[in-house]
Amino acid sequence: LPILIDDFYAEIERHPRARKVITGGQAQIERLKVTLLSWMRELLSGVYDAAYVARRWRVGLRHVEIGLDQVYTNVALSRMRAGLSACVQMAWEQDQPRLGAALRALDKLLDLDLAIIEDAYQYEYMARLQASERLATLGQVSGGVAHELRNPLNVVKTSIYYLKNARGSDPAKQQEHLNRIERNVEAADRVIRALSSFARMRPPELQSVDLAALVQRVLEENPPPGAIRAEIHLPGDLPAAECDGEQMGIVLANLIRNAHDAMPSGGQLQIHGRVSGDFVEIDVMDNGVGIDPEELPRIMEPLHTTKPRGLGLGLAIARSIVEKNKGTIRAVSEPGRGSVFTLRLVASQSRSRT
Ligand code: HEM
């Protein structure tokens, strides 16, 4: 066994990427040689109980801790297998039937050991991956929240500064700043409500909702910026939809704001409404940048965002709300031409509107 062990570490010395995890120099190699010798003795000891498995499992765990890629353990084990097989062959040279049995037994032991080490690798690796993914998600969410809140807070700050310093100024101007503060506090509140509504969406209160009036209200709250023209084509006899008006307001606001964002250098926002069987459909259409075909299937996943900043919750919230309201939302898009988001809700039987 010591010959195999010397060969094992001589081989490691020849592979810098494996060698670099041995940070304690020759002293550590000598210690590792002792460890490996007892590992090999244990392999051949014949006692394979739970404590044995736990000790073997630790090898994988320890290797993950020191950052040793699993491939090195695998090839090292293969080298060790070749050496041990040669020893077994020498010992049973004269007895072929027992040689075959001994080689099979050795292979089985080494395969099981490798499986245990691999299991530890995967377990530990997955645990680390999940922890780092959680941290990345947390970073993304906090970055998005910070960005979304910074804008309204800055406006509030500026208006407060004006009100404090411009005493005796035009009352109309003062009123304008007070209104601006109110609007932006509401905007900040909406961000917080969107977050908590995603975390814990209340069940919808289904009512007959006049979608034309709702679209109108949402558009007033989210006016198209500068060079964007909005056109609304909602027939006067469009039936009311069976949904939660407040929740559907959040959905429409998301779709309309996304359409605005998709047209940074201006364009046309169109909102069409129609009846389709027992459903009412609303299209929110833009002629903006469009969405890549590879992106399209993922745009409604939480935390998926194509915007440089933003939470990536808007469409995920929209979809989750719509589904709870027994509706659907779908998107078609063409890069460079624009996108259409279609909201489909159950038409109210009563046709009475709220
Ligand atoms: C058949 C393959 C291998 C086996 C059976 C094996 C076995 C072991 C064992 C039993 C331990 C001690 C685990 C514990 O702390 O409980 C260990 C740790 C370690 N192994 Fe391996 N090993 C293998 C491959 C490798 C390879 C290819 C390297 C590459 C450099 C390596 C480097 C280390 C290092 C640096 C430690 C930590 C030592 C310390 O705590 O000081 N091992 N290994």
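Just so you know, all these numbers are worked out from the coordinates, no wet-lab data involved. Fair warning: this is a prediction, and the values are worked out from it, not measured in the lab. Every residue, glycine among them, receives a Cβ derived from its backbone with ideal geometry; neighbour counts consider all protein chains shown.
Summary of values
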read-out: Inter-label distance, nm, simple model (7 Å from Cα along the C-beta direction), Lys20/Tyr125; value: 1.8
read-out: Efficiency of FRET between Val53 and Val141 - r from beta-carbon atoms, R0 30 angstrom, step 0.05; value: 0.15
read-out: Pair Glu133, Glu93: separation of 7 Å Cα→Cβ label points (nm); value: 5.5
read-out: Protection proxy ranking of 250-262, 280-292 - average other beta-carbon atoms within 10 Å, highest first; value: 250-262, 280-292
read-out: Using alpha-carbon coordinates, inclination of helix 50-66 to the longest axis of the chain, degrees; value: 60
read-out: Cα-based reach from Lys157 at 23 Å (exclusive), listing lysines while leaving out same-chain residues under 8 positions away; value: Lys173
read-out: Largest to smallest principal axis extent of the C-alpha atoms in the chain, angstrom; value: 102, 59, 38
read-out: Descending semi-axes in Å of the stretch 208-264, equivalent ellipsoid built from Cα gyration tensor; value: 22, 13, 8
read-out: Nearest-ten-degree value, helix 2-13 long axis tilted from longest Cα axis of the chain; value: 40
read-out: R0 of 22 Å, Cβ-Cβ distance Thr158-Glu231: FRET efficiency to nearest 0.05; value: 0.10
read-out: Integer Hz, Karplus 6.51/-1.76/1.60 couplings in order for the stretch 117-126, x for Gly and Pro; value: 4, 5, 4, 4, 4, 5, 4, 5, 5, 5
read-out: Sites matching GluC sites (Glu not before Pro) across the stretch 3-96 that sit in DSSP coil, with at most 12 neighbouring C-beta atoms within 10 Å; value: Glu93
read-out: Lysines whose Cα lies under 29 Å from that of Lys20, excluding same-chain neighbours fewer than 8 positions away; value: Lys33
read-out: Rg/Rg_ref, the stretch 33-122, where Rg_ref = 2.2 N^0.38 Å and atoms are Cα; value: 1.14
read-out: 30 Å Cα-Cα reach of Lys326 towards lysines, excluding residues that sit fewer than 8 places from it in its own chain; value: Lys307
read-out: Dipole magnitude (debye, nearest 20) for the stretch 73-190, charges at Cβ of Lys, Arg, Asp, Glu; value: 720
read-out: Net length gained if the chain between Asp111 and Val185 were fully extended (0.36 nm per residue, minus Cα distance); value: 20.3 nm
read-out: Angle between the chain longest axis and helix 314-324 axis [Cα atoms, degrees, rounded to 10]; value: 80
read-out: Cα→Cβ-extended label distance, 7 Å offset, between Leu61 and Ser45, nm; value: 1.7
